[in-house]
Amino acid sequence: MLTVEGLRSAYGHIEVLHGIDLEVTSREIVTVVGANGAGKTTLLKCLSGTQSVTGGDIRFRGDALTTVPAYKRLKRGLSQSPEGRQIFTNISVEENLRLGAFLFTDDRVEKDMEDAFQMFPILREKRNLAAGGLSGGQQQMLAIARALMGRPHCLLLDEPSMGLAPLLVAQIFDVVKSLREKEVTVLLVEQNAFGALKIADRGYVMETGRITLAGPSDELIADPRIREAYLGI
Ligand code: ATP
């Protein structure tokens, strides 16, 4: 579904991604874990087309993506739920969801909205209220639901657990896990390595712009290096 080879990116003259290789196959949940500043967000921005790439290749569903502008990547089925949620606070929950479906005018938009409300019942309750009035966890739910309204083949999720209380983190991770049944492939970037690896099929560990370890999630959770550096065990 998504193949990244030798990906490099820089801010000005400072390179922050030094040749990333990564693969996500259809219906997988793959996570990239790593400390603050490792380059996870930059990687996702390169994939969604909002950060320029200085080297390497991105392929999505068989096509070269590296030079395709961001809005066309969305049309091809690659959708991002950004770090910090970035919902539109002054408009209603429902209007935020409709914006996620801006590419479509067919009847399926109403069905997709219904699916979103089934996935997150609290959003139905608050559908007519300004999104800025939602709690942090509810805003995260809205950000994920809005990204799903774009009918992605692959969803890029940036730190969905950030700043949430443990109960909400568990709820968000459960929702991400349930996307597998909806046939949505997920690339999840997280500082919460344990939570992310628990729901993912495979994981990559990123350190200062490089992938330093990769493998099935259960193997990474059992790896003493990961346990010490990221799981605090
Ligand atoms: P976080 O969890 O804090 O988002 P991250 O792993 O996602 O961390 P990035 O945000 O991708 O890491 O940052 C990677 C490196 O690039 C860091 O050294 C960061 O300081 C730097 N960086 C990020 N954004 C910019 C920017 N707009 N201009 C300059 N440097 C940046």
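Among helices (runs of 4 or more DSSP H) entirely within the stretch 141-233, having at least 2 residues that are at pLDDT below 90, open to solvent by 50 Å² or more (accessible area, probe 1.4 Å) and within 16 Å of the ligand (Cβ to nearest atom) singles out no element at all.
Filter the strands (runs of 3 or more DSSP E) completely within the stretch 1-79 down to those with at least 2 residues that are in contact (Cβ under 8 Å) with a residue 24 or more places away in the chain, within 15 Å of the ligand (Cβ to nearest atom) and open to solvent by less than 10 Å² (accessible area, probe 1.4 Å).
In the stretch 1-79, 2-11, 14-24, 29-33 are the strands (runs of 3 or more DSSP E) which contain 2 or more residues that are in contact (Cβ under 8 Å) with a residue 24 or more places away in the chain, within 15 Å of the ligand (Cβ to nearest atom) and open to solvent by less than 10 Å² (accessible area, probe 1.4 Å).
Can you spot a residue in the stretch 179-188 that is farther than 22 Å from L148 by Cβ and touching a helix residue (DSSP H, G or I) at 6+ places or on another chain (Cβ under 7 Å)? No - not one qualifying residue is present in the stretch 179-188. Looking at (1) over 25 Å from M1 (Cβ atoms); (2) in contact (Cβ under 8 Å) with a residue 60 or more places away in the chain; (3) β-branched (V, I, T), which is the only condition I144 fails? Among (1) over 25 Å from M1 (Cβ atoms); (2) in contact (Cβ under 8 Å) with a residue 60 or more places away in the chain; (3) β-branched (V, I, T), the lone unmet condition for I144 is (1). There is at least one residue in the stretch 83-95 that is over 17 Å from the mean Cα position of the chain (by Cα) and open to solvent by less than 10 Å² (accessible area, probe 1.4 Å). For the stretch 105-138, filtering for residues that are assigned to a loop (DSSP other than H, G, I, E, B) and open to solvent by 40 Å² or more (accessible area, probe 1.4 Å) leaves 8.
The values are calculated or read from the model by the stated rules, or taken from the named source; none is laboratory data. It should be emphasised that the depicted structure is a prediction, and the values quoted were computed from it without experimental measurement. We place every Cβ from the backbone using ideal geometry, glycine too, and count neighbours over all the protein chains shown. Note: areas computed on protein heavy atoms with side chains; ligands, DNA, RNA excluded. Shrake-Rupley method; radii C 1.70, N 1.55, O 1.52, S 1.80 Å.
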